[in-house]
1. So Met23 passes all but one of these: (1) modelled with pLDDT under 95; (2) crowded, with 16+ Cβ neighbours inside 10 Å; (3) in contact with a helix residue (DSSP H, G or I) (Cβ under 7 Å, 6 or more places away or on another chain). Which condition number does it fail?
2. Pairs, please: C-beta under 8 Å, at least 6 apart or cross-chain, first residue at negative phi and in region 147-160, second in a helix (DSSP H, G or I) and exposed (fewer than 15 other Cβ atoms within 10 Å of the Cβ)?
3. Could you grab me the full set of residues in region 276-292 that are surrounded by 14 or more Cβ atoms within 10 Å (Cβ to Cβ) and touching a residue at least 12 places away in the same chain (Cβ under 8 Å)?
4. Against the definition (surrounded by 17 or more Cβ atoms within 10 Å (Cβ to Cβ) and over 27 Å from Leu118 (Cα atoms)), how does Leu242 come out, yes or no?
5. Which one of Ala68, Ala79 is under 17 Å from Asp124 (Cβ atoms) and under 21 Å from the mean Cα position of the chain (by Cα)?
6. The conditions are (1) surrounded by fewer than 20 Cβ atoms within 10 Å (Cβ to Cβ); (2) assigned to a helix (DSSP H, G or I), and Gly116 fails exactly one of them. Which is it?
7. Could you tell me whether Arg100 is over 18 Å from the mean Cα position of the chain (by Cα) and either within 17 Å of Asp126 (Cα to Cα) or not hydroxyl-bearing (Ser, Thr, Tyr) (or both)?
8. Return the residues of region 62-112 that are in contact (Cβ under 8 Å) with a residue 24 or more places away in the chain, outside any helix (DSSP H, G or I) and of a type outside the set (Asp, Glu); say none if nothing qualifies.
Amino acid sequence: MKRRDFFVVMMWLLLAAVSAPLMVAAQSTRVESAASYFNRGAEWLRKGEWDRAIEDFNLAIVFNPRLAIAYYHRGQARAKKYDPDGAMADYNRAIDLDPRLVEAYFNRGTLHYGRGELNRAISDFDTALKLNPRLVEAWSNRSAARLGKGDPDGAIADCRSAIKIDPRFAEAWSNCGIARKSKGDPDGAIADFNKALALDPRLFNTWFNRGNARQQKGDLHGALADYDRAIALNPRFADAYLNRGNARYRNKDAQGALADLNRAIAIDPDMAIAYGNRAVLLFRQGRLTEAERDFNRCLALDPSLRAGLQPFLDQLKKSR
């Protein structure tokens, strides 16, 4: 049964006070109209009204096609509507129009990270940090991309840079903990997770990650308590159910483990590892038909898991 960690990756929703300069700069009817629609769109964005925001940013762009900040904010609204391609196109256009728009590099880098395009993400975070070396979110997000590239030392260095600028930036402490855990330092990781949670106890990913570190140390009761907190904060956190199921199984609670794996699959029916773990549990309970079904589903979703499951598949074949 496997565990995985989750970085806290930030994306900005809105920058403060963008409307005043546009209104001051208004020198024609078209520019005034663009500013008016932009400002209203920014208000919709603040209120979480993504469709209305996009409509007004569209109109702002009609009246001023070179208004970089309108493309940037429309990209934010599109990202919130789970339209990463539209958001990426808007960030690209914003950067073409204003190569010093640091926020666009940051959010584009975050989109690249979410797509697994780690080199592109790092490049955008590099540019954002050249433009604004005190942008703690960029230091923190670059740390996540660096660890994804197999560079835990670089990740830790970036987290430390963020923390030096803002010692109360909980997400950087959390990400530093993940990097330290990846280096085989669960005690150091837990210390960083403790700091993050003291600053912001709402970080459900951090409760989850501390649970993973505690489970790595064999502290099953501590791990279970942390997974409980993660799930209380985010009841649809499939990975927390998955890992709590692992801890429950190791703690001799097979029924509790099965309930958690069932819940993880109900939330995410394409979670291959959950089917694999449930298959192993069912196999050990002698429920071979159900186990075979889950093994097949797991491998259909992710054939790369076969090596870890092969001993059980061999035993299942012999039992037939």
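The values are calculated or read from the model by the stated rules, or taken from the named source; none is laboratory data. Since the structure is predicted, the reported quantities are computational estimates derived from the model, not experimental observations. Cβ sites come from the backbone with ideal geometry, for glycine too, and all protein chains shown count toward neighbours.
1. (2)
2. Qualifying pairs under 8 Å: Lys149/Asn119.
3. Residues satisfying the conditions are Gly276, Asn277, Arg278, Ala279, Val280, Leu281, Leu282, Phe283, Leu288, Ala291, Glu292.
4. Working: surrounded by 17 or more Cβ atoms within 10 Å (Cβ to Cβ): yes; over 27 Å from Leu118 (Cα atoms): no.
The answer is no for Leu242.
5. On the way: Ala68 fails: under 21 Å from the mean Cα position of the chain (by Cα).
Result of the check over Ala68, Ala79: Ala79.
6. Condition not satisfied by Gly116: (2).
7. Values: over 18 Å from the mean Cα position of the chain (by Cα): yes; either within 17 Å of Asp126 (Cα to Cα) or not hydroxyl-bearing (Ser, Thr, Tyr) (or both): yes.
So Arg100 fits the description; yes.
8. If the condition is that a residue be in contact (Cβ under 8 Å) with a residue 24 or more places away in the chain, outside any helix (DSSP H, G or I) and of a type outside the set (Asp, Glu), then Asn64, Arg66, Leu67, Lys81, Arg100, Leu101 are the ones that fit.
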